[in-house]
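J.: What follows is a structure written as structure tokens; I'll ask about it next.
What follows draws every value from the coordinates through simple rules; no lab data is involved. Being a predicted model, the structure only gives us computed values, none of them experimental. We place every Cβ from the backbone using ideal geometry, glycine too, and count neighbours over all the protein chains shown.
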Amino acid sequence: MNIDNIKLRRLKNTKEDYKLLEKWYQEEEIYLSFEQRKISYKEIVNKYYERTLEDSKVQVYMIEYECIPIGIIQYQKISNDNKKLYGIDTNNCYEIDIFIGELRFHNKGIGKKVISLIVNYLFKEKKANILVMCPLKDNIKAIKCYLGCGFEIKNEFKTKDTIGNVQEYELMIMKRINQTPQLF
């Protein structure tokens with residue numbers, strides 16, 4: 001998938017891709033929103049190896065800007081447990097997560113373009129009915145980005161993060177309207 005000078009490619013089961021993830025997960029701005037702590041190379045391999053497989057439930061793409069890897073975007077079908085948590089009773093719904101790990105590429109509109117690629121793909125190719133993003137409630141930068149992409153805040157919810165602390169999240173959704181994607 002490509003747009004302008006941005007390319008998405010599948011995350012690879014390589015030392016190079018894992019080392020990039022390890023580097024990005026050392027950045028406080030990144031890990032506080034995703035893992036709530038720094039994670040080691042071994043933890044990265046354990047978390048992402050399965051996601052490099054073709055039939056993985058979580059599809060992860062490396063974001064490359066002008067041929068430089070700068071972050072990841074991933075999507076997965078929403079589980080029944082999360083449908084209950086989100087108050088969604090529709091089928092064929094997907095959740096999207098993204099981060100730009102190279103901080104020097106923040107605030108350049110790259111995230112919006114990448115989200116646009118995935119939104120279009122999920123609505124057109126996967127026939128998604130609803131797309132969801134769930135940033136932490138205090139992640140104002142992400143919330144503004146997602147609003148700018150056409151997602152709407154529908155609710156707030158609390159759940160445990162990856163280290164067991166209860167956190168508040170914004171439930172942001174985008175719906176397919178009349179079989180045509182609601183794009184921005």
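J.: Taking 4 °C and 1.567 mPa s as the conditions, I'd like the Stokes-Einstein D for the range 16-62 in µm²/s, using the Kirkwood hydrodynamic radius from alpha carbon pairs. Spell out each step's value before the answer.
T.: On the way: Rh = 11.1 Å.
The Stokes-Einstein estimate is 117 µm²/s.
J.: Note down the net charge around residue 137, summing +1 for each Lys or Arg and -1 for each Asp or Glu among other residues with Cβ under 14 Å from its Cβ.
T.: On the way: positive: 141, 144, 154, 158; negative: 138, 156, 161, 168, 170.
Surrounding charge for residue 137 is -1.
J.: Where Lys and Arg each count +1 and Asp and Glu each count -1, what net charge lies around residue 168 among other residues with Cβ under 12 Å from its Cβ? Please list the in-between numbers first.
T.: Values: positive: 137, 158, 160; negative: 138, 156, 161, 170.
Net charge around residue 168: -1.
J.: May I ask you to list the GluC sites (Glu not before Pro) in the range 19-54 that are in a DSSP loop and have at most 11 other Cβ atoms within 10 Å of their Cβ?
T.: Numbers: sites: 22, 27, 28, 29, 35, 43, 50, 54; in loops: 27, 35, 54.
Sparse-neighbourhood loop GluC sites (Glu not before Pro): 54.
J.: Ranked from highest to lowest mean number of other Cβ atoms within 10 Å per residue, what is the order of the peptides 142-153, 110-121?
T.: Working: 142-153: 17.8, 110-121: 19.6.
Those peptides, ordered most packed to least, come out 110-121, 142-153.
J.: Using a Förster radius of 30 Å, what is the FRET efficiency between residue 154 and residue 38 based on their Cβ-Cβ separation? Nearest 0.05, please. Numbers along the way, then the final one.
T.: On the way: r = 32 Å, r/R0 = 1.06.
According to the calculation, E is roughly 0.40.
J.: Moving on. Under the definition of Cα pairs under 8 Å and six or more residues apart, what whole-number percent is the relative contact order of the range 2-181? Spell out each step's value before the answer.
T.: Values: 280 pairs, mean separation 34.0, N = 180.
With pairs under 8 Å counted, the relative contact order is 19 percent.
J.: Label residue 90 and residue 106 with points 7 Å out from Cα along Cα→Cβ: what is the distance between them in nm?
T.: The two pseudo-label positions are separated by 3.2 nm.
J.: When you count, for each residue, the other Cβ atoms within 10 Å and take the mean per peptide, how do 57-68, 162-173 rank with the highest first? Walk me through the numbers on the way to the answer.
T.: Numbers: 57-68: 16.6, 162-173: 14.5.
Packing proxy ranking, top to bottom: 57-68, 162-173.
J.: Need one number: nm distance between label points at residue 57 and residue 2, each 7 Å from Cα along Cα→Cβ, rounded to one decimal.
T.: 3.4
J.: Moving on. Considering only DSSP beta bridges whose two residues both sit in the chain, what percent are antiparallel, to the nearest 5? All intermediate terms of the calculation are to be shown ahead of the outcome.
T.: Working: 36 of 39 bridges.
Roughly 90 percent of the beta bridges in the chain run antiparallel, per DSSP.
J.: While we're on this one: Which option, [x] 0.98; [y] 2.32; [z] 1.31, is the value of Cα Rg over 2.2 N^0.38 Å that was calculated from these coordinates?
T.: Matching entry in [x] 0.98; [y] 2.32; [z] 1.31: [x].
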